[in-house]
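The values are calculated or read from the model by the stated rules, or taken from the named source; none is laboratory data. Keep in mind it's a predicted model, so treat the numbers as computed, not measured. We place every Cβ from the backbone using ideal geometry, glycine too, and count neighbours over all the protein chains shown.
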């Protein structure tokens, strides 16, 4: 029996990045032997075991054979005769197909170290084409390692996979899993650039893919192209360390512009309503978590109004805060403002301009929250409709006073 550390921890160690999780491959052993040593079996599709003390994952060396379309159509072989090189050959990228032996020796049969030093994302072998999830994974790695390039032969292979319909076999859960991980990387735009370049974005997120080539007014949008703007917005959100939900809302806030008839370009009247419908459609298809869906829907609908916050009267601000459900979910406002600020600053040459709109709305929100809702509820206990009206009026007066204007 021989044990090797493999995969991402080896890659990250060679890059000088702190190693978070370590994976191990066991060669020349059977499941019974590992169980006898105290390992606990947890693998459903192939033999994976948890170490009795560290609880790290140890997998038996294995090979895979494609038997059906999609990422689930595999038959796994794991027995003492499978070598380390056999196991590494089935991995996605050369930089992930290296191992370190127990004596510290680097095992690199497929040139991973050279590609790591050259900054190249390259597939290990033909097995890459058997799993469409690897397209998404490579795109995610492009977002993480933003200086790396995709090997031309790997890009060509991914294009062939898309043409063969492999991307159509991806299931919603895996698409969202990989997209959400990519959104949390250093430069999310690179993930979408790679997916566009190989044709996969049109298959997995067509609502987003349609934004490229759609012009916007050059005044507020010096970058003009809506797709380019979307990428600038998501990268700005990433630079600020925004949460996943904020980054997703920033990504999809303008989907409706992709549905504007060309005759109406570059104006996009009522694109907010179209954006909301497309966000709902996308979230339902990819089974996006409720929190992310709700925030994305609000930002798509309200971002234009938030940008005009300096012009809004107290009554309009009250209605905005009511629609955001500030009374019950006060923290949501910060997320809305973070996504809107990313939209406002994700424009060519305008990344550093001030965004006082956010502070104005926060000041208004504090006034909104200062109203004694319990007292108003008691005063109008016989009429829920009157309670709502009285609350709205009281909140509007409080906001007007806070903003030093007549209600």
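One residue is enough: does segment 161-182 have a residue meeting the conditions more than 30 Å from residue 283 (Cβ to Cβ), crowded, with 19+ Cβ neighbours inside 10 Å and modelled with pLDDT of 95 or more? Write out each step before concluding.
Of all residues in segment 161-182, those more than 30 Å from residue 283 (Cβ to Cβ) come to none.
No, segment 161-182 contains no residue that is more than 30 Å from residue 283 (Cβ to Cβ), crowded, with 19+ Cβ neighbours inside 10 Å and modelled with pLDDT of 95 or more.
Residues in segment 158-194 that are more than 13 Å from the chain's Cα centre (by Cα) and closer than 22 Å to residue 238 by Cα: how many? Spell out the reasoning first.
Start the filter on segment 158-194 by keeping residues that are more than 13 Å from the chain's Cα centre (by Cα), which leaves 158-172, 193-194.
Add one more test, that the residue is closer than 22 Å to residue 238 by Cα, and what stays is 193-194.
Residues meeting the conditions: 2.
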(request) Please indicate, with yes or no, whether at least one residue in segment 11-32 is surrounded by fewer than 15 Cβ atoms within 10 Å (Cβ to Cβ) and more than 30 Å from residue 115 (Cβ to Cβ). (result) yes
(message) I'm trying to understand the selection: among the residues of segment 24-55, which are farther than 11 Å from residue 3 by Cβ and touching a residue at least 24 places away in the same chain (Cβ under 8 Å)?
(response) 30, 31, 33, 45, 46, 47
(request) Hey, could you check segment 234-260 for residues that are in contact with a helix residue (DSSP H, G or I) (Cβ under 8 Å, 6 or more places away or on another chain) and assigned to a loop (DSSP other than H, G, I, E, B) and say which is surrounded by the fewest Cβ atoms within 10 Å (Cβ to Cβ)? (result) 240
(message) Among the residues of segment 126-166, what is the count of those that are in a loop (DSSP other than H, G, I, E, B), over 12 Å from residue 191 (Cα atoms) and touching a helix residue (DSSP H, G or I) at 6+ places or on another chain (Cβ under 6 Å)?
(response) 1
